[in-house]
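Here's the structure we're looking at; comments come further down.
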Amino acid sequence: MVELGEFEKRHADFEKRNVRIMAIANDDVELTKATQAKFSHLTIVSDADMNMANAIQVIHKSAGPAGEDVNAPTTILVDGTGHVRWLFRADRFMERLSPDALLAAIDENLSRTSSGR
């Protein structure tokens, strides 16, 4: 949740780049709604059954505290046409991407697609 809070604080930097932050949570709908209320500039999506996580192959098998499957923290930049332009998955489960690192990746990987480079 710390990562979401950091992105929320920097929402203006993402808005300047016309970028929307979406997070897929393993939580049920009610808990996801509570999380969404805390981070109004982000979009939080419930994926309690892990259907989206399975579809985009971000499952970390048996990595949860009780040995359950969990989402591997992954950041995917998708352009306006639906093409993946960049992907980040840390080597360590607890490592998270900083807003500055994400903004740099956006500037490097999305701005050139919109400017025709």
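Computed from the coordinates by the stated procedures, all read-outs in this text should not be read as laboratory data. Because the structure is predicted, anything quoted here is derived from the model rather than measured. Here Cβ is always computed from backbone atoms with ideal geometry, including for glycine, and neighbour counts include all displayed protein chains.
Note on Glu95 and Glu6: the extension gain reaches 30.6 nm, defined as 0.36 nm multiplied by sequence separation minus the Cα-Cα distance.
Farthest toward the positive end of the dipole of segment 2-109, out of Ala72, Ala53, Val19, is the Cα of Val19, where the dipole comes from beta carbon charges about the Cα centre. With the simple spin-label model, which puts each label point 7 Å out from Cα in the Cβ direction, the Asp27 to Ile56 separation comes to 1.8 nm.
Val78: net charge of surrounding residues, Cβ under 12 Å, Lys/Arg +1, Asp/Glu -1, itself excluded?
Values: positive: Arg20, Arg85; negative: Asp79.
Local charge sum for Val78: +1.
The modelled label-to-label distance for the pair Arg20/Ala37, using points 7 Å beyond Cα in the direction of Cβ, is 2.3 nm. Of the labelled figures (1) -0.32, -0.54, -0.63, -1.15; (2) -0.28, -0.47, -0.54, -0.92; (3) -0.33, -0.50, -0.55, -0.82, only one reflects log10 I(q)/I(0) by the Debye sum over Cα atoms at q = 0.10, 0.13, 0.14, 0.19 Å⁻¹ as derived from the coordinates, namely (1).
Projected label points at Glu108 and Ile76, each 7 Å from Cα along the beta carbon direction, are separated by 2.0 nanometres.
Taking amide hydrogens as placed 1.01 Å from N in the peptide plane, the amide H of Trp86 sits under 5 Å from those of Leu77, each at least 5 positions away in sequence or on another chain.
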